[in-house]
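Heads up: the structure comes next, in structure tokens.
The values are calculated or read from the model by the stated rules, or taken from the named source; none is laboratory data. A quick note: this is a predicted structure, and the numbers were derived from the prediction, not measured. Cβ atoms come from the backbone with ideal geometry, glycine included; neighbour counts cover every protein chain shown.
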Amino acid sequence: MTIKWYPGHMSKALEKIADLIKRVDVVIEVLDARLPMSSSNHQLENLRRTKPWIKVLNKHDLADPAITKAWVRVFEQQAGVRALPMSSKQHAETKQLIKLCQLLAPKRGKPGFPVRVMVVGIPNVGKSTLINTLAGRSMAKVGDKPAITTTTQQIDLRNGVVLSDTPGVLWPDMADQEGAYRLAATGAIGANAMDCTTVGFFAGEFMMRRYPEMLKKRYKLETLPDNPTELVESIGRCLGCLVAGGGIDLHRAAEAFLRELRAGKLGRISFEEPVQAPVEPVPDEENPANRQ
Ligand SMILES: Nc1nc2c(ncn2[C@@H]2O[C@H](COP(=O)(O)OP(=O)(O)OP(=O)(O)O)[C@@H](O)[C@H]2O)c(=O)[nH]1
Ligand SMILES: [Mg+2]
């Protein structure tokens, strides 16, 4: 099944972001640390120009720490970009963001001239959670499913910084279906726009390949099954997702597996690693191997 999810509020939100960005000093783009590439919205990147841009690799408590570090190094090499790994529920970790915003907008932050910060990103990455943690109270609605925020909202932190929360935005054509399935596996796609069982098989195949020991440990498997369908069946058996007569309810099993995976019950996992820049071929005359 092809995954495509672009509810009406997203195009309106993108228009609003494009307008608002002219009047903000710093943009915080919240990415999912488990898939920093697929959770980057190129439509937002296109609005960037020279605006100071902070990439927060959020939910780093769920991602492979070494891989997150590698991503931070990659993003920090981009012009005008700062990158920070973060768990937006942890106040101590988010405090550094305010200091960085102030540093990036040195002319603002005076009475009557707050640093204006806009928080953007795809759905369910933790934008509103970050804002609530920074505000020290629950100002923005949060939830464990995508598209909780559907309109922009401004929150004055009363410390010289004003934040705008924005709805999560995806893009209309999900040409990269591999990426779309990763987004679905981590919870960024609406439940009505995906087939949960197929996404469960996709996530199962990835885990068998990349983190087999985590699967064995969590679901008490001595050996891994041959294919993702059998894996989800084994998970269903372990979690008691049965139908009358003792068979496995594959849909419920896939749902339960995805719930556990998203909550980090199997361990810290990263779906994407930075690819190394391709090695440029050395011209024949400069190649030491060809010298006499
Ligand atoms: N483990 C973990 N969960 C987080 C973190 N940040 C947010 N969450 C959870 O992620 C879910 C989504 O959080 P929201 O703040 O509503 O996400 P959002 O980006 O505002 O989502 P939309 O409004 O739908 O665009 C909630 O269940 C949060 O508790 C984090 O750093 N670590
Ligand atoms: Mg939100």
> Does segment 130-147 contain any residue that is closer than 15 Å to residue 44 by Cβ and either within 16 Å of ligand 2 (Cβ to nearest atom) or free of Cβ contacts under 8 Å to residues at least 12 places away in the same chain (or both)?
Replying inline: no
> Does residue 111 satisfy the criteria of being closer than 30 Å to residue 228 by Cβ and either in contact (Cβ under 8 Å) with a residue 40 or more places away in the chain or out of contact with any Pro (no Cβ under 9 Å at 6 or more places or on another chain) (or both)?
Replying inline: no
> When you look at residue 144, is it assigned by TED's automatic domain parsing to the domain that holds residue 32 and of a type in the set (D, E, K, R), yes or no?
Replying inline: yes
> Can you find even one residue in segment 68-88 that is under 15 Å from residue 40 (Cα atoms) and of a type in the set (Lys, Arg)?
Replying inline: yes
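How many residues are in contact (Cβ under 8 Å) with a residue 60 or more places away in the chain and either out of contact with any helix residue (DSSP H, G or I) (no Cβ under 6 Å at 6 or more places or on another chain) or charged (D, E, K, R) (or both) if we restrict to segment 44-68?
10
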> Within segment 218-238, can one find any residue that is without any contact (Cβ under 8 Å) to a residue 40 or more places away in the chain, under 22 Å from residue 31 (Cα atoms) and loosely packed, with under 14 Cβ neighbours inside 10 Å?
Replying inline: no
> What number of residues in segment 173-206 are without any contact (Cβ under 8 Å) to a residue 40 or more places away in the chain and hydrophobic (A, V, I, L, M, F, W, C)?
Replying inline: 2
